[in-house]
Amino acid sequence: MRVVDVMTRSALSCTEFCTAHTAANLLKQSSCGVLPVLSGASEAVIGVITERSVCLRVMALRCDPATIPAGECMDAYAAVCRPEDDAYAVLAKIAESQVRGAIVVDAANQLEGVLPVATLALRVATAARELYAALQAIHTKSLVKAA
């Protein structure tokens, strides 16, 4: 299964210049828990904002979320992939970086979408159920032939 088969194309994002308050509201609307941060000039992905990064940089430092730029709240994005990548390999990358999703970019580092871990988990669970049903049917068929 490739990333392009399960990714969310209409990903919410923000620029490095929007406020932490705006970024937090976008995170609230997001299904991924990872908000890509784009360069204001090139629109290339330069980082991500997570609930954790907002809390650590705004709440813990007692900053005003209406004035602190999102660029000061972002983390480097550890889980990044391309649409053609193997989704199972990306799942391992997501688990290793302990985030709730991966950022999908093209060769020019432009945002293509996001891959929420919940979406990927649902797809994997569905595939496992389908595999189980197929194996059960094969097993039942072989028992009928043996009888």
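The values are calculated or read from the model by the stated rules, or taken from the named source; none is laboratory data. Since we're looking at a predicted model, the values are computed, not measured. Positions of Cβ are backbone-derived with ideal geometry, glycine not excepted, and every protein chain shown enters the neighbour counts. With ligands, DNA and RNA removed, areas are computed over all heavy atoms of the protein, side chains included. Shrake-Rupley method; radii C 1.70, N 1.55, O 1.52, S 1.80 Å.
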### Task
Give the whole-number value, in cubic angstrom per residue, of the convex hull volume spanned by the C-alpha atoms of segment 61-115.
103 Å³
### Query
Can you tell which of Val105, Tyr88, Cys73 lies farthest toward the positive end of the dipole of segment 73-147, using +1 and -1 charges on the Cβ of basic and acidic side chains (Lys, Arg; Asp, Glu)?
Tyr88
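Across every pair of different alpha-carbon atoms, what Kirkwood hydrodynamic radius in Å does segment 1-125 reach? Walk me through the numbers before you get to the answer.
Numbers: mean 1/r = 0.0696 Å⁻¹.
In segment 1-125 this quantity evaluates to 14.4 Å.
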### Task
Mind jotting down the distance between the C-alpha centroids of segment 111-133 and segment 20-43, whole Å?
23 Å
### Message
Can you tell me the orientation of helix 87-97 relative to the chain, as the angle in degrees between its alpha-carbon axis and the longest Cα principal axis, to the nearest 10?
### Response
50 degrees
### Size of segment 93-146 as Cα extents on the principal axes (Å, biggest first)
57, 23, 15
### Summary
So the FRET efficiency between Glu51 and Ala133, C-beta based with R0 = 30 Å and rounded to 0.05, is 0.20
### Task
Show Ser53, Ser30 ordered by accessible area, largest first, where the area counts protein heavy atoms only and the probe is 1.4 Å.
Ser30, Ser53
### Message
I need the shape label for segment 1-46. Rule: rounded when a/c is under 1.5, else prolate if a/b > b/c, else oblate, with a, b, c from the alpha carbon gyration tensor.
### Response
oblate
#### Entry: Computed helical MRE - 222 nm, the chain, DSSP H runs ≥ 4 contributing -39500 (n - 2.57), nearest 500
-12000 deg cm²/dmol
### Summary
Share of accessible surface on carbon and sulfur in the chain, whole %, 1.4 Å probe and ligands ignored, is 59 percent
## Note on the structure
Free-by-geometry Cys in the chain, Cβ-Cβ under 4.7 Å as pairing rule, reported as Cys32, Cys55, Cys63, Cys73, Cys81
### Message
Tell me the angle of helix 117-146 to the major Cα principal axis of the chain, expressed in degrees between 0 and 90 and rounded to the nearest ten.
### Response
0 degrees
